[in-house]
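Here is the structure we will look at, set down as structure tokens.
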Amino acid sequence: MKDYPVIRLTILFIIGIFSAKLFQISLIAAALIVILVILLLLLRRRFNHFPIYSLTISFLTGIIILSIGNLIAKENEIIINPEISRIDKVKNTIVIGKIDNIDLIRNNELLFYISADSIYSEEFFIRDDVKILCKVKIDNESLFTLYDELKPGQTVKLNGYYYKGREKRNPGEFDYDAYLKSKNILGIVLINDINSVSIINISASAFGNAIHQVRKSIDNQIKKYNSPETAALLRGLLLADRGDIKYQTKNQFINTGVVHVLSVSGLHVGYIVLIFLFLFGRMNFIVRSVLTIVGLLFYMLLTGIPPSVFRATVMSIVFILAFLSNRSTNIFNSISIAALFILVINPNELYNPGFQLSFAAVLAIAIILPYLNQFIDGWNIQNKFIKYILTFLGVSISAQIGTLPFTLLYFNKFSVVGIFANLLVVPAIGVIIAAAIATLLFAIFVPFAAFYLGQATSLISELTLDIIKYSGDLSYSYISVTNYSLLDLIIFYVLLTVFLIYIVQFETVRSKLILFILVTASMFTFSAIDNSELLPKGYLSVLMIDVGQGDSFLIKFPNGQTALIDAGNTTITFDNGERVIIPLLNYLGIKKIDYGIVTHIDSDHYGGFVSLILDDKIKEILKPEIDTSISKDVRFEEFVRNKNIPIKYFRQEKNIIGDAVLYWLNNDEIKNVTGESTNNQSGIFKLVYGKNSFLFTGDIEKTAERFYSETYKNFLDSDVLKVGHHGSKTSTSENFLKYISPNISLISAGFKNKFGHPVPEIMERLLYSGSSVLRTDLQKAILLRSDGEHINLINW
């Protein structure tokens, strides 16, 4: 470690940051240790001959560095105002504050961030320094007008709908609220009227606005010379703004194992360095180096200083300064300097997935690549092109090995095609970046040449995206990995270290192969220690998915088969099928749903199925008989049949699925009794496993309830009731409830929904009947598990 002094410093500082989660070191105690070290150094001549002296100095110095990390972490700890943390959704909220920065404009949306000094409504008043994310969704003309008027540093007054970011409401779901809070953003204000934005003080930040205007100018040039899809990609690659890249495209990048190229990092910074060196090539070496450093710093500011760019910039500057001073440098010290700089500025970056992935990748390349290069050199390959390809493959493999644990921890996916996809995509991205930068330069001096170069960039970009989309949509493109924990991550890195230490001590291929097999087997064995399946075989699991104001239930039968009852709503801004249910299925390792049950054709029940069907997640659809008078029913069936998915209509029958039994209670006479109401045509069925039973009622109303009560009477008796129509007063009549007599009642409703579901009248009726009530609006997703004897509520 003598050759890596900054590494020791950085490790101790990181330990100090971690320690802040457990305890706080007193500033007085840290100061006393510093004074003690100074005294010992002053008395060096007297005590230097004692062996323990140097050890004591080193130990106390380490404690000082650790204490500094602890104190800085505590100083930067995000403290949430308890008053605002209690606020969830409030209309007509007034926010007054200063604009920190403005994102590049998106399709029909503008995002900017403000430091608010006051936020209030009829329900509350808070005067505090609060960071707020502002979303403006208005017509395009008004949006661009506002985009031109707003500048960083201006003081604004906003009137909008305040709400928190979406929390983790289902197993494996991304916690957007926690993500925002990690950025010290405590809430979101949605604005739907340009008149709700008032500029109180037009004075802007000269520096912040200059950077913003340059970003806008570059963005305009990117859009001018490239196709829309390429422009969205280039904004991400050059300006670190991925807002216009489609959600589905991002998922395809993840599935293909190339999502790292969307983060502006060393690859992009490397091209910037080459461009500056080329532009300043005829100048004095010192001047060229200084101008390159200035250019790198400007580019870093231009991208918003993400950790990956900061790390790459610092490393580049360290290397340039080393050349200037004729001193050699070391990649590990350079990485450590970059990490230390970032963490001193903001210790919370240590918990940022971007920071972790970025440093894991570059450390892995620095550590693992020399092993792979030594292995490649042993083949004595003479062809330079083949050797280049193998070296590049080695870089890709090294980075993927290093980031694999974090990828599994955050994305729950292992890309099968990742190594090969990277071999094609990474060079292509490099060409795209170079061509895009050249286009921007040509646009200044030779606009007509920029047009043709932009067309060529778009062609290469779209071919690359086609490769990613094709690879990402393959059924075998990735493997879902569930239950991957922090313990698994630690085990991986410990065993990887053991492997790298001992691999050089074995000479024969056979012995190295045996070591590899032993280490790999150990990884799988030790990683299984804390595994626990959320929906285990041999049990009946019923998961009430939180899809907001809608219905969706995932059932896993004891034999492993699955059913999805409804799939929530789909709107212009949010698709429950794409954003909630597909990620949930991936997290649970469910490749395909055996039975897709559409209780009735209302958008808050069937809407999410469209994305599920497009993603090939559904084997069979069960639904009410088609009503040709309802156009959406006709369109939905045409869509399903075009995807070659069989459709089966509800009938009064019994289905045995393993040890569980489904009793379909729908009767052809129901139409004669209730008319054409889609709610009353809902599929209603009883699920029985052993001594336990569940009754699912869709959105049936009192008329249908009366019919089913008279038809089935005591057969309706069930342990668990899915309350009809989200707890509306139109359902759950007293007589119907009397026949069911549930111990548990499940209500799926949106948090603070505009309908007031569940209504107080129904809540009182359920509680009076002796049933406990579980609700998605208050308790998020609900998981019940039955062994045939008892039903347990599982904490996921």
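Please work out how much accessible surface Y247 shows to a 1.4 Å probe, ignoring ligands, DNA and RNA, in Å² rounded to 10.
The accessible area comes out at roughly 70 Å².
Quick one: what does P(r) look like for the range 393-491 with 5 Å bins over all Cα pairs, in whole %?
2, 12, 16, 16, 15, 11, 10, 8, 5, 3, 1, 0
Which semi-axes, in whole Å and largest first, does the equivalent ellipsoid of the range 615-681 have when worked out from the alpha carbon gyration tensor as the square roots of 5 times its eigenvalues? Before the final figure, lay out the partial values.
Details: eigenvalues 92, 89, 11 Å².
Its equivalent ellipsoid spans semi-axes of 21, 21, 7 Å.
Given C-alpha coordinates of the range 488-575, what is the ratio Rg to Rh with the Kirkwood estimate of Rh?
Details: Rg = 22.2 Å, Rh = 17.2 Å.
My calculation of the ratio gives 1.29.
Treating cross-link reach as a plain straight distance, find the aspartates and glutamates whose alpha-carbon is under 13 Å from the alpha-carbon of K619, omitting any fewer than eight places away in the same chain.
Candidates past the 8-residue exclusion: D594.
At a 10 angstrom cut-off on C-beta neighbours, averaged per residue, how do the peptides 77-86, 395-404, 482-491, 517-526 rank from highest to lowest?
Details: 77-86: 11.3, 395-404: 20.8, 482-491: 16.3, 517-526: 13.1.
The packing order, highest mean first, is 395-404, 482-491, 517-526, 77-86.
For the range 82-204, what's the radius of gyration and Dmax over Cα atoms, in angstrom?
That works out to 14.1, 46 Å for Rg and Dmax.
Compute, for F125, the solvent-accessible surface of its heavy atoms (probe 1.4 Å) with the complete set of protein chains present, and express it in square angstrom to the nearest 10.
Near enough 110 Å² of accessible area.
Report in % the part of the accessible area of the chain that belongs to carbon and sulfur, leaving out ligands and nucleic acids; probe 1.4 Å. The partial results should precede the final answer.
On the way: 23430 of 38790 Å².
For the chain, the apolar C and S fraction of the accessible surface comes to 60 percent.
So what's Rg/Rh here for the range 688-796, counting alpha carbon atoms and using the Kirkwood radius for Rh? Kindly include the intermediate steps, with their values, before the conclusion.
Working: Rg = 13.5 Å, Rh = 14.1 Å.
Rounded to two decimals, Rg/Rh equals 0.95.
Just tell me which lysines come within less than 22 Å, Cα to Cα, of K89; anything on the same chain fewer than 8 places away is out.
Once the sequence-local lysines are set aside, what remains near K89 is K131, K135, K137, K157, K164, K168, K181, K183, K752, K754, K780.
Given Cα pairs under 8 Å that are at least 6 residues apart, what percent is the relative contact order of the range 605-705?
19 percent
Principal axis lengths of the range 124-263 from Cα atoms, whole Å, largest first?
Per principal axis, max minus min of the Cα coordinates gives 47, 43, 29 Å.
Percent of Cα-Cα pairs more than 16 Å apart in the range 5-76, please. Intermediate results must be reported in sequence, preceding the final value.
On the way: 1301 of 2556 pairs.
Every Cα pair in the range 5-76 considered, those over 16 Å come to 51 percent.
Over all distinct alpha-carbon pairs, what is the Kirkwood Rh of the range 19-156 in angstrom?
Working: mean 1/r = 0.0506 Å⁻¹.
19.8 Å is the Kirkwood radius here.
Got the relative contact order for the chain handy, in percent, Cα pairs under 8 Å and 6 or more residues apart?
Numbers: 1366 pairs, mean separation 63.8, N = 796.
In percent, rounded to a whole number, it is 8.
With only alpha-carbon pairs counted, each pair once and no self-pairs, how large is the Kirkwood hydrodynamic radius of the range 540-794 in angstroms? Before the final figure, lay out the partial values.
On the way: mean 1/r = 0.0554 Å⁻¹.
After inverting the mean inverse Cα-Cα distance, the result is 18.1 Å.
When the distances between all Cα atoms of the range 213-315 are binned every 5 Å from zero, what whole-number percent does each bin get?
Calculated over all Cα pairs of the range 213-315, the distribution is 2, 12, 20, 20, 20, 13, 7, 3, 2, 0 percent.
For the range 631-743, what are the per-bin percents of Cα-Cα distances with bins 10 Å wide, up to the bin holding the maximum?
P(r) for the range 631-743, in whole percents per bin: 13, 42, 32, 12, 1.
What number comes out for accessible area per residue over the chain if the probe is 1.4 Å? Units Å², please. Could you put the intermediate results ahead of the total?
Values: 38790 Å² over 796 residues.
Per-residue accessible area for the chain comes out at 49 Å².
Under 8 Å for C-alpha pairs, at least 6 residues apart: give me the relative contact order for the range 82-204, rounded to a whole percent. Intermediate values should be presented prior to the final figure.
On the way: 274 pairs, mean separation 36.3, N = 123.
Dividing the mean separation by the residue count of the range 82-204 yields 30 percent.
The values are calculated or read from the model by the stated rules, or taken from the named source; none is laboratory data. It should be emphasised that the depicted structure is a prediction, and the values quoted were computed from it without experimental measurement. Glycine gets a Cβ as well: all are built from the backbone with ideal geometry, and neighbour counts include every protein chain shown. These area figures cover heavy atoms from the full protein model, side chains too; ligands, DNA and RNA do not enter into them. Shrake-Rupley method; radii C 1.70, N 1.55, O 1.52, S 1.80 Å.
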